[in-house]
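The values are calculated or read from the model by the stated rules, or taken from the named source; none is laboratory data. As the structure is a prediction and not an experimental result, all values here were calculated from the model. Glycine also receives a Cβ, built like all others from the backbone with ideal geometry; neighbour counts cover every protein chain displayed.
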Amino acid sequence: MKENIGNVSMKMEGGLVEKNGERVRHVEKDDYVKRVIVKKRKHCHSSNVKKPISNKALQKLFVSCKETFKGPHTVPSPKYVHKLCHILDNMKPEDVGLCKDLQFFKPENIFKENPRVTYTTIYKCDNFSLCIFFLPAKGVIPLHNHPGMTVFSKLLLGQMHIKSYDWVDPDVSHNLLKQPSQLRLAKLKANKVFTSPCDTSVLYPKTGGNIHEFTAITPCAVLDVIGPPYSKDDGRDCSYYRDHPYTSFPNGEIAELKEENESYGWLEEIEMPENSQMDGIEYLGPPIIEN
C-alpha cells in the first residue's frame, strides 16, 4: 500500500513499508517500533526472480467470484452468496498482504484534518472486482449507491460505523405521503458500529442497504467484492446522497410510518462531495493466478 502522510511517500506490503526508496520493517519491541532497513535491489538477474506465491484463501475467493457473478443484470443465487460469504468470513488481513502491526492501523494513528481514503484494486474484470479500501481514523466514504450491483464487504481491520438505506418503492411512497421536492423516501437498514473480525455484509441491487456510508472510528481496511463493477458507460455510475431525518418533513401523519418513523429517512441526491476523493495505489499483496 502506498500512502502520503506528511508528504512522505510510503508503500505497505505485508510487514514492509517502503520509505524514500528504502524498505523498512516494523518490529514491536519494548513498547516502541524499531526500524530495520532492508535495501532494495535495483538490479536482479532473471534467473533469481522468484515466481509470485499466491495465497490459498485469496485464490479460493477469486475462483468463487468467477462462479458467483454471471454479468450485468444478474443477481447471485443464494447458494453462491452463502459460499462467498463463508470464504470472506474466514479471510484474514494477511491473505491480502496486510498486517495489523503496521503503523497505519495503530489506534493512536489519528488524522485530525481532511483524512483521505485510499484504495487498491486486487482484480477487475467485466463481471466483478476485488478492492481494498483503507480509511484512516475519521475517514469517510460518503453515502453512495451501487446501481445494479451486488456487493460483499468484509471488514479486515479496525472499527467502523456503517449506515445504509434501501429505497422505498415509489408507488408505496406515493400512496403513503406527498414526497418533498428533490427528496426520496428510503428505509434505514443499518446504523451501527462494526468491529473486526466480523461477518461479511451483503447488499443487493434493491435490498440489503444498497445505499451506504462508511465512517472509520479507527484506521480500517475493508475488502469489497463488487459484481458487476461500476461502469459509467453501462449505466452503473455512482451517485451521492445527503440524508435527512424522516421527521424533518412531516407531510401528514401516516399510520404506517408512525410506529417506526426512526427507520425511515429522506435522501437528497447531491454532487460528488469533496471528501469522496480517493487516492488509488498499486496492489502489492499476494497475486491472483488466473487459470
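Condition check ((1) within 14 Å of the chain's Cα centre (by Cα); (2) of a type in the set (A, V, I, L, M); (3) modelled with pLDDT of 95 or more; (4) outside the structural domain of VAL222 (by TED's automatic domain parsing)) across all residues:
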residue: LYS92; (1), (2), (3), (4): no, no, yes, no
residue: ILE110; (1), (2), (3), (4): no, yes, no, no
residue: THR120; (1), (2), (3), (4): yes, no, yes, no
residue: SER129; (1), (2), (3), (4): yes, no, yes, no
residue: PRO142; (1), (2), (3), (4): yes, no, yes, no
residue: HIS146; (1), (2), (3), (4): yes, no, yes, no
residue: SER153; (1), (2), (3), (4): yes, no, yes, no
residue: VAL168; (1), (2), (3), (4): no, yes, no, no
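What is the residue count in the stretch 266-285 for residues that are surrounded by 12 or more Cβ atoms within 10 Å (Cβ to Cβ) and assigned to a loop (DSSP other than H, G, I, E, B)?
Taking the stretch 266-285 first, the residues surrounded by 12 or more Cβ atoms within 10 Å (Cβ to Cβ) are 266-270, 272-273, 275-276, 278-279, 281, 283-285.
Filter again for assigned to a loop (DSSP other than H, G, I, E, B), leaving 272-273, 283-285.
Qualifying residue count, the stretch 266-285: 5.
Here's the yes/no breakdown for (1) in contact with a Cys (Cβ under 9 Å, 6 or more places away or on another chain); (2) within 16 Å of SER153 (Cβ to Cβ); (3) of a type in the set (A, V, I, L, M):
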position	(1), (2), (3)
LYS60	no, no, no
SER64	no, yes, no
LYS70	no, no, no
SER77	no, no, no
VAL81	no, yes, yes
CYS85	no, yes, no
LEU88	no, yes, yes
ASP95	no, yes, no
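Just the residues that are modelled with pLDDT of 95 or more and among the β-branched types (Val, Ile, Thr), please, taken from the stretch 202-244.
Across the stretch 202-244, the qualifying residues are VAL202, THR207, ILE211, THR215, VAL222, VAL225, ILE226.
Take the residues in the stretch 216-251 that are hydroxyl-bearing (Ser, Thr, Tyr) and crowded, with 17+ Cβ neighbours inside 10 Å, then tell me which one is farthest from LEU61 (Cα to Cα). Please lay out each step first, then the result.
Applying the first criterion (hydroxyl-bearing (Ser, Thr, Tyr)) to the stretch 216-251 yields 218, 230-231, 239-241, 246-248.
If we keep only those that are crowded, with 17+ Cβ neighbours inside 10 Å as well, we get 218, 240-241, 246.
Values: THR218: 26, TYR240: 29, TYR241: 31, TYR246: 40 Å.
Per the stated criteria, the residue is TYR246.
Could you list, in sequence order, all residues of the stretch 179-203 that are hydroxyl-bearing (Ser, Thr, Tyr), buried (at least 17 other Cβ atoms within 10 Å of the Cβ) and either out of contact with any helix residue (DSSP H, G or I) (no Cβ under 6 Å at 6 or more places or on another chain) or over 21 Å from ILE132 (Cα atoms) (or both)?
Of the stretch 179-203, the ones hydroxyl-bearing (Ser, Thr, Tyr) are 181, 195-196, 200-201.
Narrowing further to those that are buried (at least 17 other Cβ atoms within 10 Å of the Cβ): 196, 200-201.
Once the filter is applied, which keeps residues that are hydroxyl-bearing (Ser, Thr, Tyr), buried (at least 17 other Cβ atoms within 10 Å of the Cβ) and either out of contact with any helix residue (DSSP H, G or I) (no Cβ under 6 Å at 6 or more places or on another chain) or over 21 Å from ILE132 (Cα atoms) (or both), the stretch 179-203 yields SER196, SER201.
Since LYS154 meets every condition but one in (1) within 23 Å of PRO273 (Cα to Cα); (2) crowded, with 18+ Cβ neighbours inside 10 Å, which condition does it not meet?
If we test LYS154 against (1) within 23 Å of PRO273 (Cα to Cα); (2) crowded, with 18+ Cβ neighbours inside 10 Å, just (1) comes out false.
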